[in-house]
Amino acid sequence: MNLLNYLYFIIITGFGIKFLFQRAGKVCHPLNKELMLSFDGPELFWTLTFSTGLLALSAPGALDLMAIRLLVLESLCLIGLFVVKRKPVWSAVSIFYLLYIAWLLIGLSYSPAPAYGFRVILKYLYPLCIMLFASAVVRDGEVFLKAGLCARWVAIVCLIFFIVPGINILVPGVFWYSTACAIHFIPICIFSLALYFYGRKNKKDLLYAVIFAMPCFLWVFRTSIMGIILAVMTFFYFRYRMKSLPIIIGIMLLSVIAVFTIPSLKEKMFKNGDVTIEQLQEGKISKDNINSNARFAMWEHLQNRFYTNKQLQGSGTGSVQNYMYTHRIFGGLKVPHSDYIQMLCDNGIIAVVIYILIGITLIIHTLSVYNHTYSSVVRLCAITAGSSMAGLLLTLYSDNVVNYSMATLSMPLGFYGMMLGLNKQDK
């Protein structure tokens, strides 16, 4: 089965290289299968790359293939910037992101494990490459819709393999882990919701939005539940502004009620099943009541080792990953289950501040573009990027979102890059 993943990698990479350097190719119209469109090479490459981020192509014994694929895709995106005739669109988000990568590179100079640090940088670099490439390539709404709908189609196939008993063994390592998939489904859910409100009011899109919101609840993944809730609330704020407050408050109340009334969620959330909503109202629920699966203890351990007395700069890029791979701690965990904790330990407060600035600036910029354009396609792209980013920023608190950046962070940054390109063409 490992050989199949290598074969899939070769096939997808081969098509990617072919698409990137060919003049043009025919594709079906994203909304009308009877019509054919002509995409240039970079547009074909973008559609393939954006829509296949959910493919991990990993398996036991083939873990290095993930790093190789990440490096290959980043290289192709950077090469593609010279192939495409249009220039990338720069924004404050791009500048902050470059500043963040520069700070990670500085962190290599005092890192105890530069090799691990380099791999960490690769994971952060991919969304930046995706964003810049998309901003240069995408100038037509059809390209944006094609890439988004193809990504949704891949997500549907992935979901089928996860929910139909037994068939997932047919594709071991092809798709990312369920935790990564659940986070990937957040942008897909928001994209489907946006299609419903700004497209043809097709009820199928609304159904897809519900379908892709469900896995995190069915699998009881608290991180992705928080992410999808915040993403949906942000979506309605984009659309209705202050009029959305009743909707947002309603969603928050329903979320709190769900935590205390759904047995599986309550059991996973709290150490003691006797915790009640009345205790929450009285302020009697503390951190000690939360079932963190040893996360809090692990975070404290890592901070004491790598962050204390090094608050500004941390211990160097890759320090946490090196430590967790070379020491058996907390049952042999290899990741800290919090990207913000890893940022603090590796690169200090400076890294966390810059990264949060990237996310907040993206949300503010997409909201500004959304409010100042009459193009429905640009608005659709802006609301998808901004809302998705809000949700994913929250998931970084208690999951390894950066480790899955090919499937997770590349989505809101990819939508944002497409928004930049579409908005430039619109102007």
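The values are calculated or read from the model by the stated rules, or taken from the named source; none is laboratory data. Only a predicted model underlies this, so the values are computations on that prediction, with no experimental measurement involved. Please note: Cβ atoms are built from the backbone with ideal geometry, for glycine as well, and neighbour counts cover all protein chains shown. What goes into the accessible areas is simple: the full protein's heavy atoms, side chains included, and nothing from ligands, DNA or RNA. Shrake-Rupley method; radii C 1.70, N 1.55, O 1.52, S 1.80 Å.
Confirm whether Leu78 is over 24 Å from Phe175 (Cα atoms), open to solvent by 10 Å² or more (accessible area, probe 1.4 Å), at pLDDT 95 or above and of a type outside the set (Asp, Glu). Break it down stepwise before answering.
Values: over 24 Å from Phe175 (Cα atoms): yes; open to solvent by 10 Å² or more (accessible area, probe 1.4 Å): yes; at pLDDT 95 or above: yes; of a type outside the set (Asp, Glu): yes.
Against the criterion (over 24 Å from Phe175 (Cα atoms), open to solvent by 10 Å² or more (accessible area, probe 1.4 Å), at pLDDT 95 or above and of a type outside the set (Asp, Glu)), Leu78 qualifies.
Residues His337, His365, His327: which one is in contact with an Asp or Glu (Cβ under 8 Å, 6 or more places away or on another chain) and more than 16 Å from Ile101 (Cβ to Cβ)?
Values: His365 fails: in contact with an Asp or Glu (Cβ under 8 Å, 6 or more places away or on another chain); His327 fails: in contact with an Asp or Glu (Cβ under 8 Å, 6 or more places away or on another chain).
Within the list His337, His365, His327, the selection yields His337.
With respect to Ser135, determine if the residue is polar (S, T, N, Q), in contact with a His (Cβ under 7 Å, 6 or more places away or on another chain), in contact (Cβ under 8 Å) with a residue 40 or more places away in the chain and open to solvent by less than 30 Å² (accessible area, probe 1.4 Å).
On the way: polar (S, T, N, Q): yes; in contact with a His (Cβ under 7 Å, 6 or more places away or on another chain): no; in contact (Cβ under 8 Å) with a residue 40 or more places away in the chain: yes; open to solvent by less than 30 Å² (accessible area, probe 1.4 Å): yes.
So Ser135 fails the test.
I'm checking my understanding of the structure. Among residues of segment 236-258 that are among the aromatic types (Phe, Trp, Tyr) and open to solvent by less than 40 Å² (accessible area, probe 1.4 Å), which one is farthest from Ile225 (Cα to Cα)?
Pass one, segment 236-258, residues among the aromatic types (Phe, Trp, Tyr): 236-238, 240.
With open to solvent by less than 40 Å² (accessible area, probe 1.4 Å) added as a condition, the list becomes 236, 238.
Values: Phe236: 17, Phe238: 20 Å.
In this case the residue turns out to be Phe238.
Being under 24 Å from Leu98 (Cβ atoms), crowded, with 24+ Cβ neighbours inside 10 Å, touching a Lys or Arg at 6+ places or on another chain (Cβ under 6 Å) and not aliphatic (A, V, I, L, M): is that true of Gly421 here?
Spelling it out, Gly421 is indeed under 24 Å from Leu98 (Cβ atoms), crowded, with 24+ Cβ neighbours inside 10 Å, touching a Lys or Arg at 6+ places or on another chain (Cβ under 6 Å) and not aliphatic (A, V, I, L, M).
For segment 292-306, give me each residue that is open to solvent by 40 Å² or more (accessible area, probe 1.4 Å) and farther than 15 Å from Gly331 by Cα.
Taking segment 292-306 and keeping what is open to solvent by 40 Å² or more (accessible area, probe 1.4 Å), we get 293-297, 300-301, 303-305.
Glu300, Gln303, Asn304, Arg305, listed by residue number.
Does any residue of segment 337-354 turn out to be under 17 Å from Gly227 (Cβ atoms), open to solvent by less than 10 Å² (accessible area, probe 1.4 Å) and either of a type in the set (S, T, N, Q) or in a loop (DSSP other than H, G, I, E, B) (or both)?
yes
Just to be sure I understand, how many residues within segment 400-427 are touching a residue at least 24 places away in the same chain (Cβ under 8 Å), over 12 Å from Ile183 (Cβ atoms) and either assigned to a loop (DSSP other than H, G, I, E, B) or over 9 Å from the mean Cα position of the chain (by Cα) (or both)? Reasoning before the result, please.
If we filter segment 400-427 for residues that are touching a residue at least 24 places away in the same chain (Cβ under 8 Å), which is where we start, we get 400-426.
Retained after the next criterion (residues that are over 12 Å from Ile183 (Cβ atoms)): 413-426.
From what's left, either assigned to a loop (DSSP other than H, G, I, E, B) or over 9 Å from the mean Cα position of the chain (by Cα) (or both): 414-426.
Residues meeting the conditions: 13.
So, in segment 360-399, of the ones that are outside any helix (DSSP H, G or I) and over 12 Å from the mean Cα position of the chain (by Cα), which residue ends up surrounded by the fewest Cβ atoms within 10 Å (Cβ to Cβ)? Full working, then the answer.
Going residue by residue through segment 360-399, those that are outside any helix (DSSP H, G or I) are 372-375, 396-399.
Then keep just the ones that are over 12 Å from the mean Cα position of the chain (by Cα); that gives 372-375, 397-398.
Working: His372: 11, Thr373: 18, Tyr374: 7, Ser375: 17, Tyr397: 16, Ser398: 23.
Out of the qualifying residues, it is Tyr374.
Of everything in segment 93-115, what is of a type in the set (Ser, Thr, Tyr) and buried (at least 18 other Cβ atoms within 10 Å of the Cβ)? Give them in sequence order. Before you say what the answer is, go through the steps one by one.
Of segment 93-115, the ones of a type in the set (Ser, Thr, Tyr) are 94, 97, 100, 109-111.
Residues satisfying the conditions are Ser94, Tyr97, Tyr100, Ser111.
List, please: which pairs have Cβ atoms under 8 Å, are six or more places apart or on different chains, and start with a residue in segment 1-13 that is farther than 18 Å from Asn168 by Cα and end with one that is part of a helix (DSSP H, G or I) and among the basic types (Lys, Arg)?
Going by the 8 Å Cβ cut-off, the qualifying pairs are Phe9/Arg69; Thr13/Arg69.
Go through Ala182, Ala92 for me and flag whichever is touching a Cys at 6+ places or on another chain (Cβ under 6 Å) and either of a type in the set (Gly, Ala, Ser) or touching a residue at least 60 places away in the same chain (Cβ under 8 Å) (or both). Can you show your working first?
Working: Ala92 fails: touching a Cys at 6+ places or on another chain (Cβ under 6 Å).
The unique qualifying residue is Ala182.
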